[in-house]
């Protein structure tokens with residue numbers, strides 16, 4: 001009998017499979033793709049976060065010169081609107097191959113088994129779960145963990161307002177001039193002087209960019225969150241215009257990156273007999289869009305809870321095991337924090353371009369531990385509330401009015417903090 005059947009072999013699937021295997025469980029990973037296929041997207045993380053996990057050796061690049069631009073900008077380098085906000089914290093980019101190998105090695109040590117196939121449905125039978133595949137196979141396991149991403153059809157979640165997506169179009173390549181300074185990482189460049197007044201009234205986008213060394217750079221035009229999301233064609237056009245406005249031309253495209261993931265996905269129903277992890281479990285940070293740090297921190301905790309439930313009651317049903325897993329993955333405090341983050345994101349999606357730039361100036365003026373903990377989801381609930389109150393107190397009135405107005409889902413999300 002399989003103890004845990006993990007569906008999906010991306011970062012979330014490998015993370016939880018490795019953690020469950022380390023607990024001595026018999027684990028099988030079911031994936032339509034080869035688990036060794038290279039991952040297409042890039043994954044960033046703050047230096048302190050990866051250091052705390054003891055995994056800094058998995059970084060391909062690390063920057064100490066980290067900054068953002070929140071002024072309107074101009075082509076005059078001496079214009080105060082071009083003054084950057086220095087973050088004073090290291091930022092890293094994972095070596096995707098090393099990160100994947102890190103989890104695959106741990107899966108191999110734990111004798112995790114692999115199967116190619118696409119799950120088509122799940123059925124409970126005598127306290128166990130049966131998963132059917134597109135080829136007609138039937139797999140039985142004590143517990144099924146869906147790590148196939150936010151589009152999973154096996155995980156139930158409440159329906160609600162349209163899901164807002166963070167969309168990005170990026171290029172790794174060579175340029176006629178450096179799009180950022182040598183050795184520099186730009187988290188957000190909201191300068192908008194390349195846009196017409198009419199375009200500035202549309203949903204804002206920002207540049208995420210970094211020097212990869214040896215004349216190579218990664219530049220990515222990003223929309224924070226929007227429903228429906230900003231089209232890739234719009235992002236590509238804005239990126240090219242942004243670069244051209246500063247006299248930069250793309251000479252060689254080594255890789256194009258297309259990213260789209262939900263920022264405000266509702267939490268799954270926590271009483272279902274299928275457990276989830278990663279995007280399927282709504283683990284994308286609603287404020288920052290990051291998830292890899294959470295996967296690394298939370299996979300061992302979830303695996304420990306599942307393994308303990310199996311050891312305590314060898315006859316436990318899939319529903320009972322899933323309940324233990326859901327409680328470990330989404331305890332009340334994390335559910336309240338998730339509601340608070342979604343409440344804040346709902347506000348930001350309504351902000352104008354000027355309000356958004358003013359908001360981020362105030363946000364990154366908070367003490368470093370507060371904005372860092374906010375973005376990494378490492379503050380406790382009280383600390384998170386304190387950070388948000390400090391932000392409100394320091395923000396200009398144009399931002400405060402935007403934060404105070406209650407529209408759409410905001411009241412419902414606010415109340416969910418009280419009863420998650």
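Where a number appears in this text, it was derived from the coordinates with a stated rule and is not lab data. Worth saying up front: this structure is predicted, and the values here are computed from it rather than measured. Don't worry about glycine lacking a Cβ; one is built from the backbone with ideal geometry, like all the others, and counts go over all protein chains shown.
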With only alpha-carbon atoms counted, please give the Rg and Dmax of the range 117-275, in Å. 21.4, 67
Enter the angle in degrees (range 0 to 90, nearest 10) between the Cα long axis of helix 381-394 and the first principal axis of the Cα atoms of the chain, meaning the one along which they spread out most. 10
Semi-axes a, b, c in Å (a largest) for the range 248-396, each sqrt of 5 times a Cα gyration tensor eigenvalue, come to 34, 21, 14
Whole number please: convex hull volume per residue of the Cα set in the range 20-145, in Å³? 184
Let me know the volume per residue of the alpha-carbon convex hull for the range 130-211, in Å³. 226
Between residue 83 and residue 244, what FRET efficiency comes out of the Förster formula 1/(1 + (r/R0)^6) with R0 = 22 Å and r the beta carbon distance, rounded to 0.05? 0.45
According to the Cα gyration tensor, what semi-axes, each the square root of 5 times an eigenvalue, does the equivalent ellipsoid of the range 273-336 have, listed from largest to smallest in whole Å? 24, 11, 10
If each residue of separation counts as 0.36 nm, what is the full-extension length gain between residue 181 and residue 301 once their alpha-carbon separation is subtracted? 39.2 nm
Angle between the chain longest axis and helix 318-329 axis [Cα atoms, degrees, rounded to 10]: 30
For the range 247-302, what ratio Rg/Rh do Cα atoms give with a Kirkwood hydrodynamic radius? 1.18
Give the average over all directions of the projected area of the C-alpha convex hull of the range 205-330, one decimal, in nm². 10.3
Among 283, 310, 263, the residue with the largest mean-square fluctuation in a Gaussian network model of the chain built from Cα contacts under 10 Å is 310
Using just the helices of the chain, give the 222 nm mean residue ellipticity in deg cm²/dmol: DSSP H runs with n ≥ 4 each add -39,500 (n - 2.57), and the total is spread over all residues, rounded to 500. -11000 deg cm²/dmol
For the chain, longest principal axis from Cα atoms; helix 292-312 axis from its Cα atoms; angle between them, nearest 10 degrees, is 20
Which entry in [x] 4, 21, 30, 25, 14, 5, 1, 0; [y] 5, 24, 35, 24, 10, 2, 0; [z] 4, 14, 17, 16, 13, 13, 11, 6, 3, 1, 0, 0 matches P(r) over Cα pairs in 10 Å bins from 0, in percent derived from the coordinates of this structure? [x]
FRET efficiency estimate (nearest 0.05) - Cβ-Cβ, residue 196 to residue 159, R0 25 angstrom: 0.10
Extension gain residue 271-residue 383, at 0.36 nm per residue separation less the Cα-Cα distance, in nm? 37.4 nm
Mind checking the full-extension length gain between residue 140 and residue 118? Use 0.36 nm per residue of separation minus the Cα-Cα distance, one decimal, nm. 6.4 nm
Cα-based Rg and Dmax for the range 77-164, in Å, come out at 22.0, 71
Binned Cα-Cα distance frequencies in the range 334-416 - 10 Å width, integer %: 18, 51, 30, 0
